[in-house]
1. Would you point out the residue of region 295-331, among those that are open to solvent by 70 Å² or more (accessible area, probe 1.4 Å) and over 21 Å from the mean Cα position of the chain (by Cα), that is modelled with the highest pLDDT?
2. Suppose we keep only residues that are in contact with a Gly (Cβ under 8 Å, 6 or more places away or on another chain), over 23 Å from Gly229 (Cα atoms) and of a type outside the set (A, V, I, L, M) within region 177-215. Which one would you say is surrounded by the fewest Cβ atoms within 10 Å (Cβ to Cβ)?
3. Might you check whether a residue that is aromatic (Phe, Trp, Tyr), in a loop (DSSP other than H, G, I, E, B), open to solvent by less than 60 Å² (accessible area, probe 1.4 Å) and within 23 Å of Ile127 (Cβ to Cβ) occurs anywhere in region 26-35?
4. Can you tell me how many residues in region 222-233 are outside any strand (DSSP E or B) and either buried (at least 23 other Cβ atoms within 10 Å of the Cβ) or at positive phi (or both)?
5. So, in region 210-253, exactly how many residues are touching a Phe, Trp or Tyr at 6+ places or on another chain (Cβ under 6 Å) and among the basic types (Lys, Arg)?
6. Output the number of the condition that Leu265 fails; it satisfies all remaining conditions of (1) touching a Ser or Thr at 6+ places or on another chain (Cβ under 8 Å); (2) open to solvent by less than 20 Å² (accessible area, probe 1.4 Å); (3) part of a strand (DSSP E or B); (4) more than 20 Å from Val23 (Cβ to Cβ).
7. What do you reckon, is Gln58 in contact with a strand residue (DSSP E or B) (Cβ under 8 Å, 6 or more places away or on another chain), assigned to a strand (DSSP E or B) and open to solvent by 40 Å² or more (accessible area, probe 1.4 Å)?
8. List, please: which pairs have Cβ atoms under 9 Å, are six or more places apart or on different chains, and start with a residue in region 40-65 that is closer than 15 Å to Ser15 by Cβ and in contact (Cβ under 8 Å) with a residue 40 or more places away in the chain and end with one that is outside any strand (DSSP E or B) and of a type in the set (Phe, Trp, Tyr)?
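The values are calculated or read from the model by the stated rules, or taken from the named source; none is laboratory data. Please read these numbers as outputs of a predicted model, since none were measured by experiment. Quick reminder, even Gly has a Cβ in these numbers, built from the backbone with ideal geometry, and neighbours come from all protein chains shown. Heads up: the accessible areas ignore ligands, DNA and RNA and are worked out on the full protein's heavy atoms, side chains in. Shrake-Rupley method; radii C 1.70, N 1.55, O 1.52, S 1.80 Å.
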Amino acid sequence: MYHKEKSIQIKNSASALYNNLGVLRIAPRSLTYFTVVHANVVNMVSASWDGLNYSHRQLQSKEPNVATSTSLIMQAAFCALPSRDLLVVTSQKGIQMYESDGSTMVYWHALDTPDTPTDQAVFARGISAVGKSDSSGSILVFDVPSKGSNITLSDVLKGHKKSITDIASECSGSQDCIADLISADDGGNLCVWKSGEEFQRFNNIPGFDISCTSVKLWKGTAVAGYGTGQIRLYEAVTGILHAEVNAHARWIYSLDIAPFSGLLLSAAEDSLVRVWHLSIKPESLSVEVAHLHNECVTDTQICGAKFCDGDGYAFAVTGYDLSEIIRYSQS
């Protein structure tokens, strides 16, 4: 179904972080942007669709009044907003927002740090087109104008008692979905939200004290990957479990969904990338899962996997200590 394409070389190897790959497709310019985190640096590559041109950029973590920050970056991801695209970088010190090509930093938000040292780590992790999250279990919601840098923190959502691992907004584009944001934490708990002038929390889906490392929201269905290697599919608003799949032998590090086709991508420490197909039965509104394809990246702890387009025609993979982005496309 898929075959391997030419890999893209990056300046530094990938850190062992959940969801350590960002992808943004720029159709008008026939380009795709890729981001991979290494320690306190974001490696960014702009790749032309014909495979002939690549340009590289590196973004450093930043903190106020420090020339060179050693603050570790936890995640870099693209946010496709209605009026603009942003590259968002979260670290131990704060949140940086850039224009999508990484050329200009338009906003910096410092995290609150305790006056006295504690055994509680402080960091930001988890990015979606609606908000960003941090180690305290809070979700920070920002107002972003269509251009310029007048970005403001508009709300702080409380719903988790443990560090948030990932958040995601509804990816299907459907206006009929009651809930449009989901967040996950280190205890495997999921919170389901509705965005608006005031955010509403619709549901808490309890975990099993096993980290939920990656989460997606598609047509009202919450898709969650866990440290057990399992994928669970819930009806987001009610919390009804539609399916449970023993997808991998080790920790899942990344999930992604191609919203137009319903293809699901999962990647884990077991060196496997799997492609699944999600379908909703009209008569019962239940969700079915079918396995379609496997790829093995030999002797590699996979830490990032993303579709490169909305149909799932191609996907990309990163692995711990690999200085390349491995790409696959349909035959």
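1. First pass over region 295-331, keeping only residues open to solvent by 70 Å² or more (accessible area, probe 1.4 Å): 296, 298-299, 311, 313, 320-321, 331.
From the residues that got through so far, the ones that are over 21 Å from the mean Cα position of the chain (by Cα) too are 296, 298-299, 331.
Details: Cys296: 97, Thr298: 94, Asp299: 94, Ser331: 83.
That would be Cys296.
2. Looking at the filtered set, the residue picked out is Arg201.
3. Our first condition is that a residue be aromatic (Phe, Trp, Tyr); within region 26-35, this holds for 33-34.
From what is left, the residues that are in a loop (DSSP other than H, G, I, E, B) are none.
No, that holds for no residue.
4. Qualifying residue count for the region: 1.
5. 0
6. (4)
7. On the way: in contact with a strand residue (DSSP E or B) (Cβ under 8 Å, 6 or more places away or on another chain): yes; assigned to a strand (DSSP E or B): yes; open to solvent by 40 Å² or more (accessible area, probe 1.4 Å): yes.
So Gln58 fits the description; yes.
8. none
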